[in-house]
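Down below is the structure, laid out as structure tokens.
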Protein chains: 2
Amino acid sequence: MRALHSKLAIKINEKVFKKDPLTSELGEKILREGINLIESLGFENFTFKKLAKEIGSTEASVYRYFDSKHYLLTYLTMWYWSWMEYRIVMRTLNIEDPKIRLRNAIKCLTEEIEEDKEIHQIDEAKLQRIVVVESSKIYQSKSVDADNELGFFQVYKQVVQRVADITLQIKPNFKYPHMLVSTVIEGAHHQRFFATHLPRLTDVVEGEDAVITFYTQLVERELNL
Amino acid sequence: MRALHSKLAIKINEKVFKKDPLTSELGEKILREGINLIESLGFENFTFKKLAKEIGSTEASVYRYFDSKHYLLTYLTMWYWSWMEYRIVMRTLNIEDPKIRLRNAIKCLTEEIEEDKEIHQIDEAKLQRIVVVESSKIYQSKSVDADNELGFFQVYKQVVQRVADITLQIKPNFKYPHMLVSTVIEGAHHQRFFATHLPRLTDVVEGEDAVITFYTQLVERELNL
DNA sequence: CAATAATCGATAGTAATACTATTATGTTTG
DNA sequence: CAAACATAATAGTATTACTATCGATTATTG
């Protein structure tokens, strides 16, 4: 009984999987338990063998869906960015003032996702934690260029482009819109990671989400708002 | 005939190696060829077996210096940050105006190192390319907390602290000095990587080092200079 | 100068990883 | 009901990430 193909369909580039995991129960388990296991073991120690054991299936069956754990992580990251793009669209649509659109978008990109939305079969809060810690591994790899050719980073680029466009509406002659946005996105991830593991590299402020505050401020100052 | 123990001694936390690679010719070869191989193969595909073959030695001998390739990368990264700290000190010492000190420090952190200094046995330009692409893997790993306990990230933290202190001299009530500096450092690395592999995430400007310009500007705007 | 320690190369071996291939048994669908 | 498809079970391979042992050579020290 799969409650799939939910309201908002998130479409993932087909080249990243061998068999669409959203078309079978086993596939969904791979995604769900994959997220759990990657989070608890870390991507390095995560294997398809362990995953298969967890979901009561076999290694070979998992390989029928994904060519490697690298592509599973890629899939999950693509899913995250598709979902994020949707969120950004929702929160900027119908807002006239580009300054508010921008602020909302930055908040979207930098805030911590709360647990327990239960709209998808995928737990977005958990997924965010994986994206924060592990997702840079999907491009910091020898296969970046090949994967980029296949379009695996397209959604990520779209997200950057979308927010960059808002900055250009505010300051049309701004020379570095993409750098600013990608700095904010990657920066927010790093800061969340640092806050947990290397707090001396960040400034955690009690009772405030310093990450949102800092990057919102940074962007607004950069565009002299 | 090793031309070692050069003028400026870079001291590396001893816990990261089993035997100090700077005390033997084999050790130096491990560092030198290690850098070459990691750059050409990528850290994932780099193995001690391949390294041993390259330097005409054996896997077991390499293991006599480092417990794992992870610690070799950690060593190299620590070396880079020690060297970077020295550079920053040199370029900020005796400069009275904190604004200029800051600008120099940011330039140090964001500029591309040119080839062929030949002061150390280590090629800093090549090392920087490795640090840009691979170094985040030393902390984005399950052993972060243990490695942090052992002090492996101390030099990195010192660098951040040092530059953060300059920002505080300029703006004493600034709430996010560490976030700002670590954002600049990690951001600069990402932008250099993006420029090569995912150019739509950045803004390469012909004839100008956009990375230096962008982050210098960013910092100065953040501190309203 | 001799003893001894350090260093290294050579070889071997292990457990785990990252896969691929084959086959047999269901299960769905047309 | 037959064809097509999905999965489990099993087996197997090449590579990786190590560890252990053992002489031979080289450097250090007493």
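Only the coordinates and a few stated rules stand behind these numbers; no lab work does. No experiment lies behind these values; they were computed from the predicted model shown. Don't worry about glycine lacking a Cβ; one is built from the backbone with ideal geometry, like all the others, and counts go over all protein chains shown.
Cα centroid distance between segment A:164-223 and segment B:162-216, in Å?
11
FRET efficiency for residue B:197 and residue B:23, Cβ-Cβ distance as r, R0 = 41 Å, nearest 0.05?
Given R0 = 41 Å and the Cβ-Cβ separation, E is 0.65.
Compute the long axis of helix A:154-170 from its Cα atoms, compare it with the longest principal axis of the Cα atoms of chain A, and write down the angle in degrees, 0 to 90, nearest 10.
Roughly 10 degrees between the two axes.
Say each of residue B:217 and residue B:116 gets a label point 7 Å from the Cα, pointing the same way as Cα to Cβ; how far apart are those two points in nm?
3.2
Apply the a/c threshold of 1.5 to the C-alpha gyration tensor of segment A:12-131 and tell me whether it is rounded, prolate or oblate.
Note, shape of segment A:12-131 comes out prolate.
Which length gain, in nm to one decimal place, applies between residue B:173 and residue B:32 when the Cα-Cα distance is subtracted from 0.36 nm times their residue separation?
46.3 nm
Taking the Cα atoms only, what angle lies between the long axis of helix B:177-197 and the longest principal axis of chain B, rounded to 10 degrees?
60
Send over the semi-axes of the protein assembly as shown's equivalent ellipsoid, whole angstrom and largest first, taken as the square roots of 5 times the C-alpha gyration tensor eigenvalues.
In descending order the semi-axes read 35, 31, 18 Å.
Who wins for biggest fluctuation among A:208, A:134, A:124 in a Gaussian network model of chain A, springs between alpha carbons below 10 Å?
A:208
Using the alpha-carbon centroid of each, what span in Å lies between segment B:28-75 and segment A:79-128?
42
When chain A is modelled as a GNM with alpha-carbon springs shorter than 10 Å, which of A:22, A:127, A:198 fluctuates the most?
With Cα springs under 10 Å in chain A, the top fluctuation among A:22, A:127, A:198 is at A:198.
Full extension from residue B:224 to residue B:150: what is 0.36 nm times the residue separation minus their Cα-Cα distance, to one decimal in nm?
Details: separation 74, 0.36 × 74 = 26.64 nm, distance 3.80 nm.
Full extension from residue B:224 to residue B:150 adds 22.8 nm.
Report the per residue volume, in Å³, of the convex hull enclosing the C-alpha atoms of chain A.
140
Mind telling me which of B:158, B:121, B:140 comes out most flexible in a GNM of chain B, alpha-carbon contacts under 10 Å?
B:140
Compute the helix-to-body angle for A:124-134: its Cα long axis versus the longest principal axis of chain A, expressed 0 to 90° and rounded to tens.
Taking the Cα atoms of chain A, the angle to A:124-134 is about 90 degrees.
From the Cα gyration tensor of segment B:75-202, with a ≥ b ≥ c the square roots of its eigenvalues, which class applies: rounded if a/c is under 1.5, or else prolate if a/b is larger than b/c, or else oblate?
Rounded.
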